[in-house]
Amino acid sequence: MKRLLAHPNKCTGCRSCMLICSFMHTDACSYHGSRIKIVSDEGHGIHTPTLCQFCEDPPCVSACPAEALSKNPKTNSIQVDASLCNGCQACISACPFGTMFFDPENQKAFTCDLCQGDPECVKVCQLPEALSYV
Amino acid sequence: MRFAIAGKILHVDLSKRKIWTESVPEEWIHKFIGSRGVNAKILWDSMGSGIDPLGPENTLIFGTGTLSGTFAPTSGRTTVTCKSPTTHLYLKTNVGGHWGTELKFAGYDYLVVHGAAITPVYLWIDDGKVEIRDARHLWGKDVRETTSLLHEEIGDPATQVAVIGQGGENLVYFAAIMVSVYNAAARGGAGAVMGSKRLKAVAVRGHGSVKVADGKEFYRSCHVAIKNSYEDATAKFAHLYGTAGSVPMVNEARAFPAYNFRRGYIEGAEKIGGPYLAESKYLKRRLGCNACIFCCHRYCEIKEGKYAGCYTGGPEYETISALGAGCGSIDLEVVIKANELCNIYGLDTISAGNLIQWAMEGYEKKIFTEQQLEGLRLEWGNGEVIVEMVRRIAHRQGLGNILADGVKRAAEKIGCGSEKWAIQAKGLEQSRVETRAAFGYALAFAVNPRGPDHLHSETIAEFGTRPGGRRLIKKITGDEKYANPRLIEKRADIVRWHEDCFAATDSLGLCAFINTSRFGVDPQQMADMFSAAIGKRVTEEELMEAGRRILTLEKCFNVREGATRADDVLPWRLMNEPLESLARGQDVMKAVEGKTNPEDFTPINSPAMLNRMLDEYYELHNWDKQTSWPYRETLEKLDLKEVIPELESKGKIPRKK
């Protein structure tokens, strides 16, 4: 199974991935709508991208009391069934990587869905190669 | 709901401590595209001629790109516009980083700063909330420290900050406005204008988003642009080696400005070039401006030796020529250290290096008194002196105080013939392009409203060294044979096309690296992305015409200030002294297939050749050749009728003979 990986030492902090990610999932470009987050220390040129680690035994899934979360068997991503998500944010507390997010407007959790197996973020990171899907 | 743009202009009057907003007129997006274009309109409307650039009447405008905030490749650039203290003419200075996108996400496309505060202040823009805050505790602090202190004060290290260092505070005529710490709106003294307003910083946090009108088409057109950009052979080179990648080649071409433009070559230049830097212990990371897909910016550290503890963004090609070869040095550590100081003091590296070179040549010619020198040994290649002079310039100490006024004023003050080696025109220090080796560049530099540099019309295509460049020259002139920088013919056509394209590129918030330095994206693709974003069909021709309208409005600003054809010149040295290294026949053009120098080629920008190109250029623009001023019919045709009454009342609408 292919995995989407972030390589912090190669991240240039350009945020192209965040802008295209939010566009694909929310229909608008923003930072808050992105499934990838970048924490920056601009003075030292350090940019650290974080995204879902696609855990073998995902604590977010176990934590969900509404059974809204499950592993997508095709891509291995965590899928959130919005119709079941009750907005309790237990999954967010459970995620050790801080890569499960909450949309305050719709009161739903969200995380990387690997764009159904064709992640857009990787397409705008071809030179730095800070994101790979292999 | 506005597509692509936030739709708002934020005005702040520091004298009256007043804050207000207005909406961006719909018509402006079609006429002026955005960013640089809309800035030009705001600047024209906001002042009359003859105001003091360092007085409260100057207006400082920050304009985000119309595509900024989206994933359109390289769309994160911002243009800062004001009247330049260096030239007393039009100034636009463009910067990358992430500040502009943050401003847009905070809900504003433009920030217009009027007046001047009595004591230092900073602006805090937190989405819809805007405050003028006390900055007395920040005054005197450098760029990096101020940014950190603001992060602490605001309690959010993700806050984006535009800031001046000691350079701007001390009204150094080439002080930069720094954003995202190491990205500089460098040229022409915008930092001094900010300093004169006692505006230390603008901190911004935005949680908004940008919506485009036609998502499907926007996605399609952006991906075409991304794909084509990646396919350009130099894309990878730009990422791996940065702008400094070209140092060894330009040096081999004998066109790498060294020793204050006396030579086009320096022995050992590969040791300050991008490929060497990439393999060195100094390069730690590669960085990218917002939404960039190339990421040509560098981050370097020096861990040991004299400059241990130095860490900074850069160095770029320009910085390496200005603070290295130009000063007769090939010491990469000196370049990185001087770059760090320019960054944290907030100085333009191009001008800072230019001034140091001018002083070194003056030292060689013994024009300074012992008192002026204060023991400084300004010998070529003396690294310690290069670093020390940057400090003294920023703090206006000793000789640094004379240099801080820019090379034109410094030469006027010192005299002794030093204006002949003051590499400036219109008062602006020339960027690091050997225009005696490339005549399209020479014309572009001479007519640039802000003074001689490459960020007005980057005519790299004229070299014809890449297929994309040759195709472009054929498109503009009808024949690939004009892809030869040693020809005078067709330079006007080439420059004008690039002007139009560059103005449109800046105004969309895109980087010149997608279309005039590299050839992945053409105006058609820009028009496609723009159309999809705003939801109105804009043709390639309309986009390029808007580019010309913008350039013409910038020109009109200079006309209103009293500029004439006599201002469209190049530095004295370049117009009067041939470049020795090229004259000896060591010329890379011979190595380029199918190209030799024309019979009558002399590596000089003589008045005769420049005049010929200028005649053709003004004619092409339908501007009066004697004065260089646009005719009424030209302004009417470009739908710039609004500038006619004022120019007419000043007698500056030429009559057609």
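Some observations on this one:
- Listed by first and then second residue, the pairs linking a residue in region A:1-29 that is in a loop (DSSP other than H, G, I, E, B) to a residue that is of a type in the set (D, E, K, R) and surrounded by 24 or more Cβ atoms within 10 Å (Cβ to Cβ), with Cβ atoms under 8 Å apart and 6 or more places separating them unless they lie on different chains, are A:Thr12/B:Arg286; A:Gly13/A:Glu42.
- Sole residue being in a helix (DSSP H, G or I) and touching a Phe, Trp or Tyr at 6+ places or on another chain (Cβ under 7 Å), chosen from B:Ala213, B:Ala225, B:Ala238, B:Ala201: B:Ala238
- Matching residues in region A:1-20 - criterion: being buried (at least 21 other Cβ atoms within 10 Å of the Cβ) and either of a type in the set (Ser, Thr, Tyr) or within 9 Å of another protein chain (Cβ to nearest Cβ) (or both): A:Cys11, A:Thr12, A:Gly13, A:Cys14, A:Arg15, A:Ser16, A:Cys17, A:Met18, A:Leu19, A:Ile20
- Applying the condition of being within 14 Å of another protein chain (Cβ to nearest Cβ) and either in contact (Cβ under 8 Å) with a residue 60 or more places away in the chain or of a type in the set (Gly, Ala, Ser) (or both) to region A:44-100 and asking which residue is farthest from B:Val143 (Cα to Cα) yields A:Pro49.
- So B:Lys211, is it free of Cβ contacts under 8 Å to residues at least 40 places away in the same chain, within 13 Å of another protein chain (Cβ to nearest Cβ) and not hydrophobic (A, V, I, L, M, F, W, C): no
- Hey, A:Gln116 in the same structural domain as A:Arg3 (by TED's automatic domain parsing) and surrounded by fewer than 18 Cβ atoms within 10 Å (Cβ to Cβ) or not: yes
- Cβ pairs under 8 Å, 6+ apart, first in region B:233-253 and charged (D, E, K, R), second outside any helix (DSSP H, G or I): B:Lys236/A:Leu127
- Filter pass, B:Arg198 being on the phi > 0 side of the Ramachandran plot, assigned by TED's automatic domain parsing to the domain that holds B:Thr21, in contact (Cβ under 8 Å) with a residue 12 or more places away in the chain and charged (D, E, K, R): yes
- Answer residue from region B:283-318, given it is in contact (Cβ under 8 Å) with a residue 40 or more places away in the chain and of a type in the set (Val, Ile, Thr) and is nearest to the other protein chains (Cβ to nearest Cβ) among those: B:Ile293
- The listed residues are B:Ala325, B:Ala258, B:Ala278, B:Ala338, and the only one of them that is in contact with a strand residue (DSSP E or B) (Cβ under 8 Å, 6 or more places away or on another chain), farther than 23 Å from A:Val39 by Cα and not basic (Lys, Arg) turns out to be B:Ala325.
- Whichever residue in region B:117-157 is part of a helix (DSSP H, G or I), of a type in the set (A, V, I, L, M) and touching a residue at least 24 places away in the same chain (Cβ under 8 Å) and, among such residues, is nearest to B:Glu340 (Cα to Cα): B:Val143
- Among residues of region B:453-475, those that are without any contact (Cβ under 8 Å) to a residue 24 or more places away in the chain, buried (at least 20 other Cβ atoms within 10 Å of the Cβ) and either farther than 29 Å from B:Gly37 by Cβ or touching a helix residue (DSSP H, G or I) at 6+ places or on another chain (Cβ under 6 Å) (or both), counted: 1
- Selection status of A:Ser40, surrounded by fewer than 23 Cβ atoms within 10 Å (Cβ to Cβ), assigned to a helix (DSSP H, G or I) and either touching a residue at least 24 places away in the same chain (Cβ under 8 Å) or within 7 Å of chain B (Cβ to nearest Cβ) (or both): no
- If you go through region B:613-641 and keep only what is charged (D, E, K, R), touching a residue at least 60 places away in the same chain (Cβ under 8 Å) and on the phi < 0 side of the Ramachandran plot, you end up with B:Glu616, B:Glu619, B:Lys625.
The values are calculated or read from the model by the stated rules, or taken from the named source; none is laboratory data. Just so you know, these numbers come straight off a predicted model, no measurement behind them. Note: ideal-geometry Cβ built from the backbone for every residue, glycine included; neighbour counts use all protein chains shown.
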